[in-house]
Every structure is written in C-alpha cells, then in structure tokens.
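Asks: There's a structure below that I have some questions on.
Please treat every number below as a calculation from the coordinates, not as lab data. Since this is a predicted model, take the numbers as computed values, not measurements. Positions of Cβ are generated from backbone atoms using ideal geometry, with glycine treated the same way; all protein chains shown enter the neighbour counts.
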Amino acid sequence: MLEENKLNTLLKLISSSTNEELIWMNGYLNGIVSKQISKEETVIKSHVNKLTIAYGTETGNSKRLATEFASRAKKKGVNAKVQSLDQYRFNDLAKEEYFLAVISTHGDGEPPAAAKKFYDHVHQNGFKLDKLKYSVLALGDTAYPLFCKAGEDVDEQLNKLGGTRIAPLQKCDLDFDAEADEWFEDVFKSLNDGSESLTIVKQVTPKKATGKKTYTGTVLTHIDLNDMGSNKQTYHIEIAAEDVSYKPGDSIGIVPENDKELVEKIFTLTHFDRDTNIEYKDELTSVLELLQKKLNIVFLPERVVKHYASVVQQDIAVTRIDLLDLLRLHPVKDGTQFLEILKILEPIAPRLYSIASSPEAHSGEVHITVAKNSFKVSDEIKNGLASDFLSHLDGSNELKFYVSPNNQFRLPEEDKNIIMIGPGTGIAPFRCFLAERDSTGATGKNWLFFGEQHFASDFLYQTEIQNWLETGVLTKVNTAFSRDEQEKVYVQHKMLQHGAEFFEWLHAGSYVYVCGTKDPMSVDVEQTLLQIIEKFGERSKEEAEQFLDDMKEEGRYVKDVY
Ligand SMILES: Cc1cc2nc3c(=O)[nH]c(=O)nc-3n(C[C@H](O)[C@H](O)[C@H](O)COP(=O)(O)OP(=O)(O)OC[C@H]3O[C@@H](n4cnc5c(N)ncnc54)[C@H](O)[C@@H]3O)c2cc1C
Ligand SMILES: Cc1cc2nc3c(=O)[nH]c(=O)nc-3n(C[C@H](O)[C@H](O)[C@H](O)COP(=O)(O)O)c2cc1C
C-alpha cells in the first residue's frame, strides 16, 4: 500500500486531471510495470534453454501440477515441455538440461502404472546422468506406511546416476497445493541464480508434509443392502460429521482396527503385558492400543517378514503371512524380542471408499457402500481387514476418516449429459452424482448402467434408482444381473445392446464415468466402448482409439477403479 503522504499526492493529482490525462497516466504506468516484469523473465530466459516437467500419475494430481508449472514456467520465459512419464523416451534423459519429475505413489509404495517403466529404467545401473540437473516433487498420503516412496526412490536414483539436485525432494500429503507451490518457487529460485552460480543441493532435506484434516464421525445408519439368498454382503453406512467438506467424486480414507479376537490370541501366545506403554510416534501408547488400532498384524508385507527373521534370527520363508502365524511358527525368545518385533511392524494402511452421498442432498453426512471382502486361504475363509471392520460397526460407533479428493472424477456443467457405468460398489459415486443433480436441478441427461449377480437380492439402492427414474432425474437405466439367466450378462453387454444410442450420446458430447473393479470390469468396459465407437460411429480401429483418447484428453471419459 502507499504511504499516507504519497496517497494524498496521488489523489490530488487524480482529482485535478482530465479524463484524457488519466488514460495517458494509466498507459504510462502499465508500460513501466510490464518493463519490470519482462526484465525478471529475461533473467531466466538468458540461461535456461530447456526445461522438461515429466509426471507420473494415477488419479491426475501430478498431471495437473506438472501442467500448471509448465504454464507458469512459460510465463517466466522458459521453454518448458510437459510430458507423461509413460511417453518419455529414456534416451532423452541424458540430454536434458533441467528435468523436473512430479510423481505420486500407489499400491504399496509403488509408482503409478504409467510411470513403472521409467521407474524401472532409472533403477538399472550402468549408465550415467552426469549432466542432468533435476528435482523431484513426490505426491503421497502420510497415512500409508511407505509415504511418497516412489518419488523418494526416483530422487535418490537420479542422484546415484550422477544427476545434480537443483532443489530438494519435496514430499506432499493430500493437501499438496501449498507445498507443491513452494517447491516450484525453490526450483525457480535455483534456475534464476544462473547456471554458473547454480545452488547445488548436496544434502537432501525433504521438507515435512503438513498433514490433512481428520474428521470424527458417528455412525447413523448401517444396513446390509443385499437380501436373503445373496452371495454378498454390501453395507450402506451413513456417518454424521457436522463439519465435513467434500465434492462429488471424492472418497474417504479409513484406517481400520484389527480384529479383537486376533489381538487377544497374540497376548495369550506371548504372555506379554497389554498395558505396557511404549513410545510410538512421539507418544506413550499401550501395547494393546498399538496392536488394536495402529499396527498392521495381518498379511504382513515380505519386507516385514524379512525383518522378523533377522530379529528372531531364524530361517523364515519370505512370504506374506499374519503375525500370529509367524509367532506360532517362529516364536520370539522373550518379552524384549517381542518389543523389537513391535518396532518393525508398519502402520495399518488406510482403505479408500467412494462417497455415496451428496454435499447438497446430505449435508453434514458422508455415506459409503462397502462390500465385505471374503476369500479362502488354505480352506479357511478369511475377510479383508477394513471391509470386515466396517461390516461390524453399529449406531454407537465413532469413526475417524479423511477426505481423499479426486479432481479427475467430477460432475460436468449442469447441462451436460452423463453416462455412468457402475456395477457392484461402483454404484457409490453415482448415487452421489444423482442425488447432487437432483438437489441442484441440473438439466443434463443421466444414463446409468448397473450390474450385480441377482435382481432379487443384489439390486443395490433399487428404490432410490426407481424413484429417480420416475421423477426424470434418471433418463435411462440398464441393469445386468449376471446370474439370473443361463448366459452371464454384464454391464458391457448392455452397453453394446444399446450401442447405437450410446454412440449418439457420445457424439453429442456426453461424459462417461466408470467406477468399480479395475480388472476385469473396467478393461471389458473399455473394450466395449471402442467396439461401440467402431461399429456405431463407423470408425476404423485406429479412429475409434483416437476418439476415446480425445474423450480422455477432454476429461469426458474418466475412471475411478480399484
Ligand atoms: C479410490 C478407491 C475407491 C474405492 N471405493 C470402494 C467402495 O466404494 N466400496 C468398496 O467396497 N471398496 C472400495 N474400494 C476398495 C477398498 O478400498 C478396499 O480395497 C476393499 O474394501 C478391500 O479392503 P479390505 O481391507 O477389506 O481387504 P484387505 O485386507 O486389504 O485385503 C485385500 C486382498 O488382499 C488379500 N489378503 C488380505 N489378507 C490376506 C491374508 N491374510 N491371506 C491371504 N490373502 C490376503 C486378499 O486377496 C484380499 O482380497 C475403493 C478403493 C479405491 C482405491
Ligand atoms: C490405492 C492407493 C494406494 C496408495 N498408496 C500410497 C502409498 O503407498 N504411499 C503414499 O505415500 N501414497 C499413497 N497413495 C496416495 C496417492 O499417492 C495420493 O492420493 C496422490 O495425491 C495421488 O496422486 P496422482 O493423482 O498424481 O496419482 C495411494 C492412493 C491410492 C488411491
């Protein structure tokens, strides 16, 4: 702001000037300001010829950031190129002048599928990147045991190959915007310093991520949506949380608790005192609380089994196994060794669930649709940790969760048409979309494809879907109940059956959303989409692929699959 005396002078000048004089002054000041800006830009222009910003993404966050940075770099006068790591030519790496990688972590500390080849490539030794100047921005989620692991690995590996860091690795939690921005500014400060005086970062001091908001909700409703005779258990869970804030398309992350009986068995076997307090993440916590709520004790990753073997100093086959089985087969010597084992256990990883409620229609609440995951291990029926935990909640339970945004999976403008393909629990975000469009009076048409095993027992949210059809919120619904007929029918068969109309919708600019199982569902659906474009859009195979690629690029074909 201007000092008071300067402001008074300016106001006097303005009040005594004619309109023409004011216009002239405006132009004059603009000229001075823009000259200063272009001076700043040319500082970089003079020594940075080329900057590549490569991204590895699964759900679009890294791509969004990389694209934003490239556009900001261009505004600063730098010739910045943005590229997906799956399209990146490895031979170019040695020729890069400045290379920025924006990469997330998925699975259990793995790189996104599209960045896997690049990740593997830089992990091969036998080549040098002596000229490379680089920096890595790693996206992740602090709730996972291997926070930002893929980014960390790429950063370390590029350094091992001879690359020079121009800014330290920045690891970001889900609320990444501010830190990502800081990293980008750091990078540009480095570029600005000029290649001669380039600040080379020898020591990696990854900055701490700030963390995200955790909500504590109360379970309001907990019902099994499947009827008698079903092979499935799918729970509709409503959680009240006054201050919750999310957008349609988001998920919530929940850290489940371990099965109480299993924890009891561990105490019975080890005779360890459950009330012993030990330090965990800077707090004193009882061993009971740790085993109940914090540490993963089932289906241990192989790296933990290896650690276990080295603590108990026994030969143990490196395979995923539960802690109880390890303790039975390869017992600890005493209480001290048991405490050592607790130290090598990892935190329980969160599980994500698509939000099935709408911020407009269900304010202060979050609804989810959870399928109980059951499977056989050597003739014993076991359950997935989180879905089993959630299936046992009742009205009195409190539940901690956080919102995991998905900026790729958003409703379009209110007058656009959408096609939703969501068999099984894939219906969840579409219940949200429909309730949201109903509440906001959106005018776009809505077409839903839903599938399950049996009409009578597995038609999730049947009453609501029928109501939306009657009131016109839903323009069309097609269902596929695979086990009601002799031949198995799935959603993709229904899409093909209505292929001519499906293509008309696509051609008219509809948005297509797919949610549910990644494999085989989303793979089959994609094949069918291509078939529909080929057959009903009269395109060649290559043209159909291009058509779908264009839809992806325009954000008109998006998936949230798991
Ligand atoms: C963005 C996103 C949205 C999602 N939305 C939904 C949703 O709306 N609804 C929904 O139901 N799910 C959803 N999921 C999936 C969900 O996050 C969980 O993956 C799912 O509920 C299974 O978790 P779990 O803890 O029950 O199973 P886990 O314990 O994680 O087990 C997973 C698998 O690991 C293996 N396994 C586990 N333990 C053992 C063992 N002891 N021995 C041998 N094998 C074992 C089994 O193959 C098992 O199926 C979503 C996932 C993502 C990423
Ligand atoms: C199934 C799944 C697994 C994940 N695993 C990890 C992990 O092991 N470590 C981590 O730091 N973040 C993990 N994340 C969080 C993502 O890295 C985070 O959401 C990131 O913002 C995604 O960026 P992207 O959209 O560019 O892929 C996981 C997310 C999902 C959905």
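Asks: I'd like the Kirkwood hydrodynamic radius of the range 418-561, using the inverse of the mean 1/r over distinct C-alpha pairs, in Å.
Replies: Mean inverse Cα-Cα distance, inverted, gives 15.4 Å.
Asks: Would you mind ranking Thr319, Thr218 so that the residue whose beta carbon has the fewest other beta carbons within 10 Å leads the list?
Replies: Thr319, Thr218
Asks: To make sure I understand, if each residue's beta carbon is the centre and we count other beta carbons within 10 Å, what order do Ile355, Ile321, Ile23 fall in, fewest to most?
Replies: Details: Ile355 29, Ile321 20, Ile23 11.
Lowest count first: Ile23, Ile321, Ile355.
Asks: Shifting gears a bit: Pick out, from Trp447, Thr67, Tyr215, the residue whose Cα sits farthest towards the positive end of the charge dipole of the chain, with +1 on the Cβ of Lys and Arg and -1 on the Cβ of Asp and Glu.
Replies: It is Thr67, whose Cα lies furthest towards the positive end.
Asks: If amide H atoms are built 1.01 Å from N in the plane of the peptide, which residues on other chains or at least 5 residues away come under 5 Å of the amide H of Ser251?
Replies: Close amide H contacts, sequence-distant or interchain: Ile355, Ser404, Asn406.
Asks: Of Gly162, Val263, Leu284, which is farthest towards the positive pole of the chain's charge dipole, taken about the Cα centre with +1 and -1 on the beta-carbons of Lys, Arg and Asp, Glu respectively?
Replies: The one lying farthest along the dipole's positive direction is Gly162.
Asks: What ranking do Val78, Val377 get, fewest neighbouring Cβ atoms within 10 angstrom at the top?
Replies: Least to most surrounded, the residues fall as Val377, Val78.
Asks: Right, here's the next one. Got the relative contact order for the chain handy, in percent, Cα pairs under 8 Å and 6 or more residues apart?
Replies: After rounding, I find 11 percent.
Asks: Once you charge only the Cβ atoms, +1 for Lys and Arg and -1 for Asp and Glu, what is the size of the charge dipole of the range 418-561 about its Cα centre, to the nearest 20 debye?
Replies: 240
Asks: What do you get for Rg/Rh of the range 342-426 when both radii come from the Cα atoms and Rh is the Kirkwood radius?
Replies: Answer for the range 342-426: 1.04.
Asks: Could you work out Rg/(2.2 N^0.38 Å) for the chain, with Rg from alpha carbons only?
Replies: 1.15
Asks: Further question on the same structure: Please provide three numbers in whole Å: the alpha-carbon extents of the range 62-205 along the principal axes, with the largest listed first.
Replies: Principal extents (Cα only, largest first): 40, 37, 30 Å.
Asks: List the longest stretch of the chain that has no exposed loop site; here a site is one of the GluC sites (Glu not before Pro) assigned by DSSP to anything other than H, G, I, E or B, with at most 13 other Cβ within 10 Å. List each step's numbers first, then the result.
Replies: Working: sites that count: Glu3, Glu196, Glu242, Glu413, Glu414, Glu485, Glu487, Glu538, Glu554.
No qualifying site falls inside 4-195, the longest such stretch.
Asks: Another question about this same structure. Over the Cα atoms of the range 247-397, how large are the radius of gyration and the largest Cα-Cα distance (Dmax), in Å?
Replies: 17.8, 58
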